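Q: Submitted below is the structure of interest, expressed as structure tokens.
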């Protein structure tokens, strides 16, 4: 394979996060979620947003209704997904096609069978009837004024099993008026060397081609790019690679590769700069954990940990990164860990505005980090706790309050009421002793509420603080509830967020430590005090 | 690119989970962790296990000392990692090389610079001195009777910048006696079309070649396979793709692709059948979350959710999977979700031995699942809770005990002692009323201990139950501690494990629900009663 071609004159980034992505195990997007994600996709600059499959998925009809009034897209076209008419029906009498038309989008995408065995076993019809279904459905929708894309399901497997039939379906879709015919590796089993020859054969038909790759062989990105090299002009995928089984191709990686490696301007540089934040926001809306190792946009994608690398990075930051992280809205950061050398502690210190230029001090801080990490702390993701640790070590830590004691009771007395939690906190702030009791949904919430109440006399702006994430990790997974737990809390004042840690054998004790540190840190920095 | 070559006569799977994998942000392997992982790698059948970098990483010297007495490898050779001598030193006087030799392994792997800019900026020496460093260090170690592999750092970037110099380093390593010279894409920025030409050029030297890919472009698997297509006979990577930034190439995917797609027998079919369990065990030892979408070995890798697919899978299970999941020790499963059709509920029922063949009943169960999922439950991963739900719906649920009430107090009174949690539980088992108070490390532990004590009179085998995992998820991440939380608990009797759920605004209440269901389910099934 030689180096990449020039960018096609017309090029489509086609996002199916809302439809195919939502088929992922554990993924449950509501209509509101979908509207929010569609706005972000539009901002990012994708060309098409597949919104759903109104005839198949409960809620997708509602999505298209809501989208009609609530969704104003500036860049992208919304697409409704459906399949070719049922065997034996006419297009006019197929209720699923009626639902597709009712979605009222300018562009529709039809899935059609291109693999003979699937025609027999899944559709239970003949090869001829399947061709007629493709032909009639495309013509019917084109006749209604729609732009029609056709997804040829299992095209690559189908081509390997029966190339004549797979090509016949492709030709039929093209002749019937499909604007783009999309070659799908539905089972995701292809390898890059499979793509070139099959796509090249398909280009002989003369219709615009697309590609849709699943990641079951771990090659979805490379397969998509191989198909682009062989002449497709439309690439389907999902943000963060969401999707069934091993997922769809991750569009964030494809876009960054095309833009930064192929030098194709598929979106604007400004839009590319939002890639990391949009990837994170969509994960948050979809309630999916972030993958720190995700190429380009992951939290660790430009992190440096090993001593050797850290030292080299101090000299020339491009030595150990394949692209400039700022191009995709990400950033380099130095990881603090038990492997930390003096160099990585110093770089981290600079990042946080702490003076660790003294070699001896930096060595001692690295040693301290190692000790704490052996107890279960992990500062990789908790800069606020790291800063508190360093300030304490440097004797520069002035805590805004001192805790005297705390207690929390959770109870379900067997009555019809839900269980309740009641927390009491005693502390000293600015020399004044405060004691409050607070009731909350759950012990951590009750403790947090009590803390806010106790502090709000001296620090009224503390009321703007809230938790945005709360993670509990058992560190010795084999020992169960007896083991050490690490709690990580992300707090915000609405503008800035910061992360703190607590470790202990008791989840409440560890939560309390993370909670108290979160308030110490926020108050120390004066976060929220400008409101 | 054409179809794959035959398997080379000598082929190396070279694992660097313990060295390069351990550089991942958040990864902290102890000596014990490393010994356990090395045993699993040996079982899996990899040829080489890179154990660590004794001159660079604290603890790695200890690992090699412990390995000498505690690690008996049947398949693999242990490798110590080091770098070429320092500029200006002799090999005999370089303390880092002394540490490498002290690791006392038959095989060593040396990292050498192959990119001219790195020689200037990171090593701060001349191109000639770097060549001398490679030459002398390889000869020195060969002279000590070692088998020497050489990792050419940044070879691909280096080749693009200065092919003459990159090739000169490669030739120097070969002439000095390196057994394998490994071309590294250290920054992970290559795309598959970059690999073929550069690897082909390198093969002209006539030495055995290896490849080491990082995943920064999301193409590490495809890049590794492209290099194999172009003639390398040694592939480096890590289990689950652990590693710095976006990680190393995932050896589980590479092995499965080679074995099942290329039909190369790189390990035995029996060893391939352990791939999923070894991948999971190493994640557990490394305290890394599992990636459900991981190709071949992920929990979702062969999951089916969409209604269309679920129906087709009932007819022919090979229609929607690229390989037989049993080949890698994984299995097909049907996902229960709000997208669940009657078909997927029925397949799931069969999996669990529940009779849901009645269409109407299956429809109603699907409806029930949707209702519960809208409240925050998620049965995708919690088969035990799903079974309890269905049995309750079918009026076939006989709970082994009834809860009357519970209460838990956590307190830190400000004394020197740690905080304590005290739980009291009242329940009725077999008509007998039990009430106990128990103290534990944390409220969930205290509740669990109280539950075991209260049940152990009627069900003595309950003492074999323990928690292996406890996960808390905030469902509305923007609302912080006020939001709904979902708790997922994995329980074991030492043989079987089962997963239950609890949902509520209170983490303790949700934990209690999951805990009580775990004991209901285990007792109902009689788990542990044969002991």
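The values are calculated or read from the model by the stated rules, or taken from the named source; none is laboratory data. On a predicted model such as this, the values are computed, not experimentally measured, just so you know. Cβ sites come from the backbone with ideal geometry, for glycine too, and all protein chains shown count toward neighbours.
Q: Within the stretch A:58-77, which residues are crowded, with 20+ Cβ neighbours inside 10 Å and out of contact with any helix residue (DSSP H, G or I) (no Cβ under 6 Å at 6 or more places or on another chain)?
A: A:60, A:64, A:67 - these are the residues of the stretch A:58-77 that are crowded, with 20+ Cβ neighbours inside 10 Å and out of contact with any helix residue (DSSP H, G or I) (no Cβ under 6 Å at 6 or more places or on another chain).
Q: Further question on the same structure: I'm told residue A:351 meets every condition in (1) in contact (Cβ under 8 Å) with a residue 40 or more places away in the chain; (2) surrounded by fewer than 18 Cβ atoms within 10 Å (Cβ to Cβ); (3) in contact with a strand residue (DSSP E or B) (Cβ under 7 Å, 6 or more places away or on another chain) except one. Can you identify the failing condition by its number?
A: Condition not satisfied by residue A:351: (1).
Q: Oh, and also: For the stretch B:227-249, which residues satisfy the criterion of being surrounded by fewer than 24 Cβ atoms within 10 Å (Cβ to Cβ) and outside any helix (DSSP H, G or I)?
A: Result: B:230, B:231, B:233.
Q: Also: What do you reckon, is residue A:471 in the same structural domain as residue A:516 (by the TED database) and modelled with pLDDT of 85 or more?
A: no
Q: Just to be sure, is residue A:500 more than 20 Å from residue B:419 (Cα to Cα) and in the same structural domain as residue A:406 (by the TED database)?
A: no
Q: Regarding the stretch B:82-89, can at least one residue be identified that is within 29 Å of residue A:374 (Cα to Cα) and either in the same structural domain as residue B:162 (by the TED database) or under 29 Å from the mean Cα position of the chain (by Cα) (or both)?
A: So far as the stretch B:82-89 goes, yes, one or more of its residues are within 29 Å of residue A:374 (Cα to Cα) and either in the same structural domain as residue B:162 (by the TED database) or under 29 Å from the mean Cα position of the chain (by Cα) (or both).
Q: Further question on the same structure: Is it fair to say residue B:255 is modelled with pLDDT of 95 or more and more than 10 Å from every other protein chain (Cβ to nearest Cβ)?
A: Yes, satisfied.
Q: Here's a follow-up. List the number of the failed condition for residue A:377; all other conditions in (1) farther than 20 Å from residue A:493 by Cβ; (2) within 11 Å of chain B (Cβ to nearest Cβ); (3) not in a loop (DSSP other than H, G, I, E, B) hold.
A: (3)
Q: A follow-up question, please. Hey, among the residues in the stretch B:1-16 that are in contact with a strand residue (DSSP E or B) (Cβ under 9 Å, 6 or more places away or on another chain) and more than 14 Å from chain A (Cβ to nearest Cβ), which one's surrounded by the fewest Cβ atoms within 10 Å (Cβ to Cβ)?
A: Looking at the filtered set, the residue picked out is B:10.
Q: While we're here: Answer with yes or no whether residue A:216 is crowded, with 24+ Cβ neighbours inside 10 Å, facing chain B (nearest Cβ under 10 Å) and within 12 Å of residue B:219 (Cβ to Cβ).
A: In short, no.
Q: A further question on this structure: Can you tell me which condition residue B:167 does not meet? The list is (1) surrounded by fewer than 24 Cβ atoms within 10 Å (Cβ to Cβ); (2) more than 25 Å from residue B:146 (Cβ to Cβ), and all the others hold.
A: (2)
Q: Can you spot a residue in the stretch A:390-400 that is touching a strand residue (DSSP E or B) at 6+ places or on another chain (Cβ under 7 Å), modelled with pLDDT of 85 or more and not in a helix (DSSP H, G or I)?
A: yes
Q: Quickly run through the stretch A:38-61 and pick out the residues that are closer than 15 Å to residue A:279 by Cα, in contact (Cβ under 8 Å) with a residue 40 or more places away in the chain and in a helix (DSSP H, G or I).
A: Selection gives A:38, A:40, A:41, A:43, A:44.
Q: What's the total number of residues in the stretch A:68-119 that are closer than 29 Å to residue A:157 by Cβ and in a strand (DSSP E or B)?
A: Within the stretch A:68-119, residues that are closer than 29 Å to residue A:157 by Cβ and in a strand (DSSP E or B) number 12.
Q: Would you be able to say whether some residue in the stretch A:26-37 is farther than 19 Å from residue A:272 by Cβ, in contact (Cβ under 8 Å) with a residue 40 or more places away in the chain and in contact with a strand residue (DSSP E or B) (Cβ under 7 Å, 6 or more places away or on another chain)?
A: The answer is no, given that none of the residues of the stretch A:26-37 is farther than 19 Å from residue A:272 by Cβ, in contact (Cβ under 8 Å) with a residue 40 or more places away in the chain and in contact with a strand residue (DSSP E or B) (Cβ under 7 Å, 6 or more places away or on another chain).
Q: Separate question: Among the residues in the stretch B:171-183, are any within 14 Å of chain A (Cβ to nearest Cβ) and at pLDDT 95 or above?
A: no
Q: Can you tell me which residue is surrounded by the fewest Cβ atoms within 10 Å (Cβ to Cβ) among those in the stretch A:316-338 that are at pLDDT below 80 and either out of contact with any helix residue (DSSP H, G or I) (no Cβ under 7 Å at 6 or more places or on another chain) or over 24 Å from residue B:157 (Cβ atoms) (or both)?
A: The selected residue is A:318.
Q: When the stretch A:496-519 is examined, which residues are found to be part of a strand (DSSP E or B) and in contact with a helix residue (DSSP H, G or I) (Cβ under 8 Å, 6 or more places away or on another chain)?
A: A:498, A:499, A:500, A:501, A:502, A:503, A:504
Q: Which of the residues belonging to the stretch A:195-208 are more than 14 Å from chain B (Cβ to nearest Cβ) and surrounded by fewer than 24 Cβ atoms within 10 Å (Cβ to Cβ)?
A: Across the stretch A:195-208, the qualifying residues are A:201, A:203, A:204, A:205, A:206, A:207, A:208.
Q: Follow-up question, since we're still on this one. Is it true that some residue in the stretch A:476-488 is assigned to a strand (DSSP E or B), closer than 19 Å to residue A:398 by Cα and modelled with pLDDT of 85 or more?
A: no
Q: Just to verify a result, which residue in the stretch B:132-190, among those that are in a loop (DSSP other than H, G, I, E, B) and in contact with a strand residue (DSSP E or B) (Cβ under 6 Å, 6 or more places away or on another chain), is farthest from residue A:323 (Cα to Cα)?
A: Out of the qualifying residues, it is B:146.
Q: Let me ask something additional. Can you name the number of the only condition in (1) surrounded by fewer than 24 Cβ atoms within 10 Å (Cβ to Cβ); (2) within 14 Å of another protein chain (Cβ to nearest Cβ) that residue A:224 fails?
A: Going through the list (1) surrounded by fewer than 24 Cβ atoms within 10 Å (Cβ to Cβ); (2) within 14 Å of another protein chain (Cβ to nearest Cβ), residue A:224 breaks only (1).
Q: Further question on the same structure: Would you please name the residue that is nearest to residue A:435 (Cα to Cα), looking only at residues in the stretch B:418-441 that are free of Cβ contacts under 8 Å to residues at least 12 places away in the same chain and within 11 Å of chain A (Cβ to nearest Cβ)?
A: If we take residues in the stretch B:418-441 being free of Cβ contacts under 8 Å to residues at least 12 places away in the same chain and within 11 Å of chain A (Cβ to nearest Cβ), then B:419 is nearest to residue A:435 (Cα to Cα).
Q: Considering the stretch A:401-423 alone, what residues qualify as being crowded, with 20+ Cβ neighbours inside 10 Å and outside any strand (DSSP E or B)?
A: A:419
Q: Further question: Of the residues in the stretch B:90-100, how many are within 31 Å of the chain's Cα centre (by Cα) and buried (at least 20 other Cβ atoms within 10 Å of the Cβ)?
A: The number of residues fulfilling the criteria is 1.
Q: Determine, yes or no, whether residue B:122 is buried (at least 18 other Cβ atoms within 10 Å of the Cβ) and without any contact (Cβ under 8 Å) to a residue 12 or more places away in the chain.
A: The answer is yes for residue B:122.
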